[in-house]
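The values are calculated or read from the model by the stated rules, or taken from the named source; none is laboratory data. Just so it is clear, the model here is predicted, and its values are computed rather than measured. Heads up, the Cβs are rebuilt from the backbone with ideal geometry, glycines too, and the neighbour counts pull from every protein chain shown.
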Amino acid sequence: MKPNNRKMLSHYVGTLFRYAPCRVTQSLTMMVFSGLTQGVGVVMLIPLLGLIGLNGAGEPSGLTRKIGRIFEWFRLDLTLVTVLCLYVGIVAVYAGITQYQSVLNTEIVQRFTKAIQDRLYRALCRAQWRCLIGTKSSQITQALTSDAQRVGFATQQLLQLSGIFIVACVHVWVALMISIPMTLFALACVSVFLLLLHPLNRRAHSAGETLRDGMTKLYGEVSEHLGAMKLARSHGLDSIHEENFRVITKGVADQMVLFSRINSTPRMIYEIGAAVVLAGFFYVAVEIFQIAPESLLIIVFLFARLLPKFSSIQQCAQRITNALPSFQALLDMERTFMENSEPAASYPAKNLVLENYIRLSNVCFRYTKSIGAWAVKDVSIVLPARKITAFVGHSGAGKSTLADLILGLFAPESGEIFIDGQPLKGARIHPWRQSIGYVPQETFLFNDTIRANLLWAMPRATEKELWDALELAAARDFVSRQPKGMDTPVGERGTRLSGGERQQIALARALLRRPTFLLLDEATSSVDSEGERRIQKAVNKLRGELTMLIIAHRSATIRMADSVITLSAGEVAGAEPSQAGSAKAKRCPPSYV
Ligand SMILES: Nc1ncnc2c1ncn2[C@@H]1O[C@H](COP(=O)(O)OP(=O)(O)OP(=O)(O)O)[C@@H](O)[C@H]1O
Ligand SMILES: [Mg+2]
């Protein structure tokens, strides 16, 4: 095993032990008991064999005499009935311990898997937006599902390996009591096997890495094809994705078969080796050491059971090694998220009320820190409270990026954003976001009912508040016409609704929050002119109540703004009061400072 892999393995074992020290210790203790009861069960066969006359006419062996003395000490007669009853009793205890331990191990595996999934998800929920948009969603899905499950499987194998190892130790101990030289001989043979099979562990690890890469491609392909399914179907390009998928699944299947080959080799070698060792062993025992027949039978029985255990240990070790790349990937992703986490939010945070203005002072931002083009360059503007400001400009001018900066999703590379004079950073970000109603450029609806989509933003909203929000978004009529009204399912991402209807539900959802700041990024671009006119009428009613930022290309949408800021290549190219604003120009200061 490479030093790196060894380090990762010990880190993994350490993490598991730190996570559930009591449960793991309890499981290990049960394993010791289980091993001991198995060992005692085997030892009990010795007097049994003696009692049925398998020790021949000669003197009883040393071990038989020792067992006889233990029986005397407990004042038990060494009769066939007592020995059989004890044997059954011991097997029953062993079965009980095994059953308890199997449930306990499953509990450890499941809770550990859950813990690493929860930890990663918590890190994900706290990660900065910049870090999240740099991570593929399919990679996150893979880490949370396939990788976490593989780590769970490795944990199961680790516990199994520990159990087998303890039982093997007890078997060796019993064997040592029967014959030290024969036991050492058998252990020497096992060591040779272990050395011979050692290179397979490295191959198991690299197979694990290749398998993980294959799974990454698989998740990526499925996620991209599902996202572009309509487009692919419309262009008749499904077959390309089908072929890609076929190639990837073949790669994954090949890796699985390769690993199965690597993983089954030890069993084969141990089985052949065990037959050779046992034959030689029998010969040496009878011809050289002249071991008593009942001891010989027990020792052969022990080693016949012991050798497969070593092959199982090797197999478990390979399965763990094979899953280590998944553990590494989970840790790496969690570390990346943690290193790029947002300042901790204090719960429950009190919503902010915007009293005066949002001010951006010399704000600069680019998507790749320190290099690349500026998406926003030296922007200094003021968005007065309770006014409507519009951002206009060509595609790629930086409107949505500037909106994301105002939402606190990105931090400016230089310059600052102030909310009522307070810098938008640290603990202020969360209460600020709680006070916002936002309709993004790409509308997103959950695969649930209209009601559930609305309640997501405001879980305690009353029926009246829901209908009022739908009314404001000019959506009341079409929702009432739906077969189940507000309880109509919208389909995945809202595909059962038209583009305009989706936007209207998203707008109603944002308005339902009773935000202090409403940000609409192309929020009505798909709504028809009648719908837009009704939304404008409703929004006009809100004029003076809340602060609004509208991003739009349509002149009809911009017309309702008090002031319009034109962006070009990330910079402010101009600012002027719009028609709506010019009517009250005295009360509305220019937004460009
Ligand atoms: N996630 C991203 N990573 C890197 N660059 C980005 C990213 N998002 C946007 N950009 C770049 O930032 C610039 C501004 O993009 P932005 O989305 O703000 O434009 P916009 O004015 O909203 O355009 P549109 O009207 O088309 O929505 C563009 O050059 C764009 O290519
Ligand atoms: Mg945009």
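Descriptive notes on the structure:
Yes/no per residue for (1) within 16 Å of ligand 1 (Cβ to nearest atom); (2) assigned to a loop (DSSP other than H, G, I, E, B); (3) without any contact (Cβ under 8 Å) to a residue 60 or more places away in the chain:
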position: Leu330; (1), (2), (3): no, no, no
position: Leu352; (1), (2), (3): no, yes, no
position: Arg359; (1), (2), (3): no, no, no
position: Gly372; (1), (2), (3): yes, yes, yes
position: Leu383; (1), (2), (3): no, no, no
position: Ser400; (1), (2), (3): yes, no, no
position: Asp404; (1), (2), (3): yes, no, no
position: Phe410; (1), (2), (3): yes, yes, no
position: Thr443; (1), (2), (3): yes, yes, no
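- Checking Arg433, Arg451 one by one, the residue that is out of contact with any Asp or Glu (no Cβ under 7 Å at 6 or more places or on another chain), of a type in the set (D, E, K, R) and either under 18 Å from Leu497 (Cα atoms) or outside any loop (DSSP other than H, G, I, E, B) (or both) is Arg433 and no other.
- Restricting attention to the stretch 136-152, the residues being among the charged types (D, E, K, R), more than 13 Å from Glu334 (Cβ to Cβ) and in a helix (DSSP H, G or I) number 1.
- Members of the stretch 374-404 that are crowded, with 23+ Cβ neighbours inside 10 Å, under 21 Å from Gly421 (Cα atoms) and within 16 Å of ligand 2 (Cβ to nearest atom): Val379, Thr389, Leu402
- Residue in the stretch 413-427 that is assigned by TED's automatic domain parsing to the domain that holds Ser568, surrounded by fewer than 15 Cβ atoms within 10 Å (Cβ to Cβ), touching a strand residue (DSSP E or B) at 6+ places or on another chain (Cβ under 7 Å) and without any contact (Cβ under 8 Å) to a residue 40 or more places away in the chain present: yes
- For the stretch 208-247, the set of residues classified as outside any helix (DSSP H, G or I) and surrounded by fewer than 12 Cβ atoms within 10 Å (Cβ to Cβ) consists of His235, Gly236, listed by residue number.
- Hits in the stretch 227-252 (condition: modelled with pLDDT under 90 and under 24 Å from the mean Cα position of the chain (by Cα)): Gly227
- Within the stretch 261-285, tally of residues that are out of contact with any helix residue (DSSP H, G or I) (no Cβ under 9 Å at 6 or more places or on another chain) and either surrounded by 14 or more Cβ atoms within 10 Å (Cβ to Cβ) or hydroxyl-bearing (Ser, Thr, Tyr) (or both): 1
- Of the residues screened, Ile436 is one that is β-branched (Val, Ile, Thr) and more than 16 Å from ligand 2 (Cβ to nearest atom).
- Candidate set: the stretch 264-287, residues that are among the charged types (D, E, K, R) and touching a residue at least 12 places away in the same chain (Cβ under 8 Å); chosen: the one farthest from Thr183 (Cα to Cα): Arg267
- Among the residues of the stretch 385-398, the one identified as more than 12 Å from ligand 1 (Cβ to nearest atom) and among the hydroxyl-bearing types (Ser, Thr, Tyr) is Thr389.
- Filtered residues of the stretch 467-514 (kept if over 18 Å from Gln441 (Cα atoms) and within 35 Å of the chain's Cα centre (by Cα)): Met486, Asp487, Thr488, Pro489, Val490, Gly491, Arg496, Leu512, Arg513, Arg514
- Among the residues of the stretch 527-541, none is identified as of a type in the set (S, T, N, Q) and in contact (Cβ under 8 Å) with a residue 40 or more places away in the chain.
- Taking the criterion of being among the aliphatic types (A, V, I, L, M), away from ligand 1 (no atom under 13 Å from the Cβ) and closer than 18 Å to Lys387 by Cα, the residues of the stretch 510-557 that qualify are Ala510, Leu511, Leu518, Ile535, Ala538, Val539, Leu542, Leu546, Met548, Ala556.
- Any hit, the stretch 180-189, residues being touching a His at 6+ places or on another chain (Cβ under 7 Å) and either crowded, with 19+ Cβ neighbours inside 10 Å or assigned to a helix (DSSP H, G or I) (or both): no
- Boolean, Glu339 is of a type outside the set (Gly, Ala, Ser) and either under 31 Å from the mean Cα position of the chain (by Cα) or on the phi > 0 side of the Ramachandran plot (or both): yes
- Considering Ala232, Ala228, Ala207, Ala168, the condition of being under 30 Å from Glu287 (Cα atoms) and assigned by TED's automatic domain parsing to the domain that holds Asn322 is satisfied by Ala168 alone.
- Ile419 being more than 16 Å from ligand 1 (Cβ to nearest atom), β-branched (Val, Ile, Thr) and over 15 Å from Ile381 (Cα atoms): no
- Residues in the stretch 131-179 that are among the charged types (D, E, K, R) and either surrounded by fewer than 16 Cβ atoms within 10 Å (Cβ to Cβ) or farther than 28 Å from Ser311 by Cβ (or both): Lys136 only.
- Filter pass, Gly280 being closer than 30 Å to Ser137 by Cβ and either in the same structural domain as Val40 (by TED's automatic domain parsing) or modelled with pLDDT under 75 (or both): no
- Some residue of the stretch 491-499 being of a type outside the set (Val, Ile, Thr), touching a helix residue (DSSP H, G or I) at 6+ places or on another chain (Cβ under 6 Å) and at negative phi: no
- Once the stretch 542-560 is narrowed to residues that are touching a residue at least 40 places away in the same chain (Cβ under 8 Å) and farther than 17 Å from Val439 by Cα, the residue that is nearest to ligand 2 (Cβ to nearest atom) is Met560.
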